Amino acid sequence: MQAVANNVFRALADPTRRAIFERLARDGEQTVHALTDHSGVSQPAVSKHLTVLKRAKLVRHRREGRETHYRAQPDALAPMVDWLQHYGAFWHDRFDRLENLLERMDK
Amino acid sequence: MTTTATSRTLVIEREMPHPQEKIWRALTEGKLIEEWLMKNDFQPVVGHRFSFRATPVPNWNGVIESEVLVVEPKSRLSYGWGTLGLESVVTWTLTPTEGGTHVRMEHSGFPSEEGANYKGAKYGWQKFISNMERVAGGLE
(Lines give C-alpha, C1' and ligand atoms only; values in the text may rest on other atoms or scores of the structure.)
Protein backbone atom coordinates (compact mmCIF):
# COMPACT_ATOMS: atom_id res chain seq x y z
CA MET A 1 0.00 0.00 0.00
CA GLN A 2 1.13 3.50 -0.63
CA ALA A 3 2.42 5.76 2.11
CA VAL A 4 -0.29 8.36 1.49
CA ALA A 5 -3.05 5.82 1.92
CA ASN A 6 -1.32 4.56 5.05
CA ASN A 7 -1.39 8.03 6.57
CA VAL A 8 -5.07 8.33 5.92
CA PHE A 9 -5.81 4.85 7.23
CA ARG A 10 -3.79 5.43 10.33
CA ALA A 11 -5.45 8.74 11.04
CA LEU A 12 -8.87 7.18 10.67
CA ALA A 13 -8.14 3.90 12.41
CA ASP A 14 -9.15 5.47 15.71
CA PRO A 15 -12.93 5.53 16.18
CA THR A 16 -12.98 8.88 18.01
CA ARG A 17 -10.93 10.47 15.26
CA ARG A 18 -13.16 8.94 12.64
CA ALA A 19 -16.22 10.34 14.42
CA ILE A 20 -14.66 13.81 14.53
CA PHE A 21 -13.80 13.67 10.86
CA GLU A 22 -17.19 12.34 9.92
CA ARG A 23 -18.88 15.11 11.88
CA LEU A 24 -16.83 17.77 10.12
CA ALA A 25 -17.51 16.22 6.74
CA ARG A 26 -21.23 16.03 7.43
CA ASP A 27 -21.91 19.27 9.27
CA GLY A 28 -19.25 21.58 7.89
CA GLU A 29 -16.79 23.82 9.67
CA GLN A 30 -16.76 23.77 13.46
CA THR A 31 -14.78 25.09 16.38
CA VAL A 32 -12.74 22.90 18.69
CA HIS A 33 -15.26 23.72 21.42
CA ALA A 34 -18.21 22.51 19.41
CA LEU A 35 -16.36 19.32 18.48
CA THR A 36 -15.45 18.72 22.11
CA ASP A 37 -19.07 19.04 23.21
CA HIS A 38 -20.07 16.20 20.92
CA SER A 39 -17.05 13.94 21.14
CA GLY A 40 -17.29 12.74 24.73
CA VAL A 41 -13.57 13.33 25.30
CA SER A 42 -11.61 16.28 26.72
CA GLN A 43 -10.62 19.29 24.67
CA PRO A 44 -6.88 18.48 24.77
CA ALA A 45 -7.76 15.01 23.47
CA VAL A 46 -9.84 16.49 20.66
CA SER A 47 -6.97 18.84 19.79
CA LYS A 48 -4.57 15.91 19.60
CA HIS A 49 -6.93 14.04 17.31
CA LEU A 50 -7.27 17.12 15.12
CA THR A 51 -3.49 17.36 14.85
CA VAL A 52 -3.31 13.80 13.55
CA LEU A 53 -6.11 14.49 11.08
CA LYS A 54 -4.32 17.65 9.99
CA ARG A 55 -1.10 15.76 9.33
CA ALA A 56 -3.00 13.35 7.12
CA LYS A 57 -4.42 16.40 5.34
CA LEU A 58 -7.91 15.29 6.26
CA VAL A 59 -8.79 18.60 7.90
CA ARG A 60 -7.80 22.25 7.57
CA HIS A 61 -8.02 24.94 10.18
CA ARG A 62 -8.26 28.68 10.44
CA ARG A 63 -8.10 30.95 13.46
CA GLU A 64 -10.71 33.54 14.18
CA GLY A 65 -10.15 35.49 17.38
CA ARG A 66 -9.62 32.98 20.15
CA GLU A 67 -11.32 30.14 18.35
CA THR A 68 -9.84 27.68 15.89
CA HIS A 69 -12.23 26.45 13.24
CA TYR A 70 -11.75 23.13 11.52
CA ARG A 71 -13.20 21.78 8.34
CA ALA A 72 -12.92 18.46 6.53
CA GLN A 73 -11.00 17.87 3.32
CA PRO A 74 -12.86 14.87 1.94
CA ASP A 75 -10.57 14.84 -1.11
CA ALA A 76 -7.92 13.40 1.17
CA LEU A 77 -9.99 10.22 1.32
CA ALA A 78 -9.24 9.42 -2.30
CA PRO A 79 -6.33 7.10 -1.46
CA MET A 80 -8.61 5.14 0.82
CA VAL A 81 -11.27 4.78 -1.80
CA ASP A 82 -8.46 3.36 -3.95
CA TRP A 83 -7.80 0.76 -1.30
CA LEU A 84 -9.01 -2.12 -3.42
CA GLN A 85 -6.96 -0.95 -6.36
CA HIS A 86 -3.84 -1.10 -4.23
CA TYR A 87 -4.76 -4.57 -3.10
CA GLY A 88 -5.59 -5.55 -6.67
CA ALA A 89 -2.02 -4.78 -7.72
CA PHE A 90 -0.70 -6.48 -4.59
CA TRP A 91 -2.55 -9.74 -5.17
CA HIS A 92 -1.78 -9.91 -8.89
CA ASP A 93 1.88 -9.65 -7.99
CA ARG A 94 1.49 -12.37 -5.33
CA PHE A 95 -0.29 -14.63 -7.79
CA ASP A 96 2.72 -14.32 -10.09
CA ARG A 97 5.00 -15.21 -7.22
CA LEU A 98 2.81 -18.16 -6.29
CA GLU A 99 3.03 -19.48 -9.84
CA ASN A 100 6.80 -19.04 -9.81
CA LEU A 101 6.99 -21.01 -6.61
CA LEU A 102 4.80 -23.78 -8.02
CA GLU A 103 7.18 -24.07 -10.98
CA ARG A 104 10.13 -24.40 -8.64
CA MET A 105 8.37 -26.97 -6.47
CA ASP A 106 8.46 -29.36 -9.43
CA LYS A 107 12.21 -29.57 -9.37
CA MET B 1 -13.44 -6.49 -9.11
CA THR B 2 -16.95 -6.13 -7.80
CA THR B 3 -18.20 -3.23 -5.74
CA THR B 4 -21.54 -2.66 -4.10
CA ALA B 5 -22.78 0.04 -1.75
CA THR B 6 -22.40 -2.06 1.36
CA SER B 7 -19.41 -4.28 0.71
CA ARG B 8 -16.36 -4.38 -1.48
CA THR B 9 -14.78 -7.52 -2.73
CA LEU B 10 -11.70 -8.12 -4.79
CA VAL B 11 -11.67 -11.37 -6.75
CA ILE B 12 -8.71 -12.79 -8.64
CA GLU B 13 -9.00 -16.05 -10.54
CA ARG B 14 -6.37 -17.97 -12.41
CA GLU B 15 -6.05 -21.35 -13.99
CA MET B 16 -2.79 -22.97 -12.91
CA PRO B 17 -1.24 -26.04 -14.57
CA HIS B 18 -0.55 -27.70 -11.23
CA PRO B 19 -2.36 -30.30 -9.16
CA GLN B 20 -4.69 -29.14 -6.43
CA GLU B 21 -2.63 -30.84 -3.69
CA LYS B 22 0.49 -28.94 -4.63
CA ILE B 23 -1.25 -25.56 -4.66
CA TRP B 24 -2.84 -26.39 -1.33
CA ARG B 25 0.64 -26.97 0.11
CA ALA B 26 1.83 -23.61 -1.23
CA LEU B 27 -1.15 -21.95 0.45
CA THR B 28 -0.87 -23.70 3.80
CA GLU B 29 2.77 -24.48 4.59
CA GLY B 30 4.41 -21.59 6.42
CA LYS B 31 7.74 -21.77 4.62
CA LEU B 32 6.11 -21.99 1.23
CA ILE B 33 3.71 -19.14 2.06
CA GLU B 34 6.70 -17.01 2.95
CA GLU B 35 8.18 -17.57 -0.50
CA TRP B 36 5.30 -16.02 -2.37
CA LEU B 37 3.36 -13.97 0.17
CA MET B 38 4.94 -12.94 3.46
CA LYS B 39 6.66 -14.16 6.60
CA ASN B 40 4.08 -15.80 8.81
CA ASP B 41 3.32 -18.22 11.62
CA PHE B 42 0.35 -19.76 9.86
CA GLN B 43 -1.05 -23.14 10.86
CA PRO B 44 -3.91 -24.75 8.93
CA VAL B 45 -6.07 -24.95 12.04
CA VAL B 46 -9.38 -23.14 12.38
CA GLY B 47 -9.16 -20.54 15.15
CA HIS B 48 -5.37 -20.30 14.97
CA ARG B 49 -4.28 -16.69 15.38
CA PHE B 50 -1.22 -15.65 13.46
CA SER B 51 0.34 -12.75 11.64
CA PHE B 52 1.83 -11.94 8.29
CA ARG B 53 4.88 -9.71 8.46
CA ALA B 54 6.03 -7.48 5.66
CA THR B 55 8.87 -4.99 5.72
CA PRO B 56 7.73 -2.02 7.80
CA VAL B 57 7.38 1.29 5.98
CA PRO B 58 6.73 4.78 7.41
CA ASN B 59 3.31 4.78 9.04
CA TRP B 60 2.87 1.04 8.70
CA ASN B 61 4.45 -1.58 10.94
CA GLY B 62 4.09 -4.21 8.23
CA VAL B 63 2.00 -6.48 10.42
CA ILE B 64 -1.21 -8.11 9.26
CA GLU B 65 -3.11 -9.78 12.08
CA SER B 66 -4.98 -12.87 11.10
CA GLU B 67 -7.04 -15.78 12.28
CA VAL B 68 -7.78 -18.97 10.39
CA LEU B 69 -11.49 -19.10 9.62
CA VAL B 70 -11.99 -22.04 7.27
CA VAL B 71 -9.84 -25.06 6.39
CA GLU B 72 -11.32 -27.54 3.94
CA PRO B 73 -8.27 -29.52 2.82
CA LYS B 74 -7.30 -29.02 -0.81
CA SER B 75 -10.35 -26.95 -1.62
CA ARG B 76 -11.04 -24.00 0.63
CA LEU B 77 -9.03 -21.79 2.96
CA SER B 78 -10.09 -18.56 4.60
CA TYR B 79 -8.33 -16.21 7.00
CA GLY B 80 -8.74 -12.76 8.45
CA TRP B 81 -6.65 -9.89 7.19
CA GLY B 82 -6.46 -7.08 9.72
CA THR B 83 -4.17 -4.12 9.36
CA LEU B 84 -4.34 -0.39 10.10
CA GLY B 85 -7.60 -0.89 11.94
CA LEU B 86 -9.27 -2.34 8.90
CA GLU B 87 -10.54 -5.89 9.15
CA SER B 88 -11.01 -7.94 5.99
CA VAL B 89 -11.13 -11.58 4.93
CA VAL B 90 -9.17 -13.53 2.34
CA THR B 91 -10.69 -16.75 0.96
CA TRP B 92 -9.02 -19.22 -1.39
CA THR B 93 -10.99 -21.76 -3.39
CA LEU B 94 -9.28 -24.50 -5.41
CA THR B 95 -11.21 -26.44 -8.04
CA PRO B 96 -9.62 -29.20 -10.13
CA THR B 97 -9.80 -28.75 -13.89
CA GLU B 98 -8.65 -30.86 -16.82
CA GLY B 99 -5.27 -29.21 -17.09
CA GLY B 100 -4.68 -28.36 -13.47
CA THR B 101 -6.47 -26.23 -10.91
CA HIS B 102 -8.67 -23.20 -10.95
CA VAL B 103 -7.50 -20.83 -8.20
CA ARG B 104 -9.89 -18.21 -6.89
CA MET B 105 -8.96 -15.63 -4.29
CA GLU B 106 -11.56 -13.39 -2.79
CA HIS B 107 -10.55 -10.48 -0.58
CA SER B 108 -13.60 -8.98 1.09
CA GLY B 109 -12.66 -5.53 2.27
CA PHE B 110 -15.43 -4.55 4.57
CA PRO B 111 -17.18 -7.22 6.60
CA SER B 112 -20.81 -6.58 7.47
CA GLU B 113 -20.23 -7.14 11.15
CA GLU B 114 -19.88 -3.52 12.06
CA GLY B 115 -17.02 -2.45 14.25
CA ALA B 116 -16.12 -6.01 15.17
CA ASN B 117 -12.48 -5.06 15.53
CA TYR B 118 -12.96 -1.81 17.39
CA LYS B 119 -13.65 -2.19 21.05
CA GLY B 120 -16.23 0.38 22.01
CA ALA B 121 -16.57 1.75 18.52
CA LYS B 122 -20.07 2.72 17.60
CA TYR B 123 -19.63 1.98 13.94
CA GLY B 124 -17.20 0.34 11.61
CA TRP B 125 -15.50 1.19 8.39
CA GLN B 126 -18.36 0.05 6.27
CA LYS B 127 -20.73 2.70 7.54
CA PHE B 128 -17.95 5.23 7.52
CA ILE B 129 -17.08 4.57 3.89
CA SER B 130 -20.67 4.74 2.76
CA ASN B 131 -21.13 8.02 4.63
CA MET B 132 -17.97 9.41 3.10
CA GLU B 133 -19.03 8.38 -0.37
CA ARG B 134 -22.23 10.33 0.16
CA VAL B 135 -20.26 13.34 1.31
CA ALA B 136 -17.84 13.06 -1.61
CA GLY B 137 -20.73 12.53 -4.01
CA GLY B 138 -22.43 15.65 -2.74
CA LEU B 139 -19.33 17.70 -3.51
CA GLU B 140 -19.21 16.86 -7.17
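The values are calculated or read from the model by the stated rules, or taken from the named source; none is laboratory data. In this text, all values refer to a predicted model and were calculated from it rather than measured experimentally. Here the Cβ positions follow ideal geometry from the backbone for every residue, glycine too, while neighbour counts run over all protein chains shown.
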Query raised in the report: Taking into account only those residues within region A:22-53 that are within 11 Å of chain B (Cβ to nearest Cβ), surrounded by fewer than 14 Cβ atoms within 10 Å (Cβ to Cβ) and assigned to a helix (DSSP H, G or I), which is modelled with the lowest pLDDT?
Result: A:26
Requested in this report: Evaluate region B:13-35: report whether one residue or more is crowded, with 18+ Cβ neighbours inside 10 Å, at pLDDT below 95 and more than 26 Å from residue B:99 (Cβ to Cβ).
Outcome: no
Query raised in the report: Looking at residue B:68, is it part of a strand (DSSP E or B) and either under 21 Å from residue A:105 (Cα atoms) or in contact (Cβ under 8 Å) with a residue 12 or more places away in the chain (or both)?
Result: yes
Report task. Look through B:88, B:108, B:78 and report the one residue that is modelled with pLDDT of 95 or more, of a type in the set (Ser, Thr, Tyr) and under 14 Å from the mean Cα position of the chain (by Cα). Result -> B:78
**Report entry** Those residues of region B:40-51 which are part of a strand (DSSP E or B) and surrounded by 15 or more Cβ atoms within 10 Å (Cβ to Cβ), in sequence order
**Finding:** B:40, B:50, B:51
Query - Residue match in region A:74-95 (condition: on the phi > 0 side of the Ramachandran plot, assigned to a loop (DSSP other than H, G, I, E, B) and either surrounded by fewer than 18 Cβ atoms within 10 Å (Cβ to Cβ) or modelled with pLDDT under 85 (or both)) - result: no
Query raised in the report: Would you pick out the residues in region A:20-45 that are over 14 Å from residue A:70 (Cα atoms) and either touching a Lys or Arg at 6+ places or on another chain (Cβ under 8 Å) or among the small types (Gly, Ala, Ser) (or both)?
Result: A:38, A:39, A:40, A:42, A:45
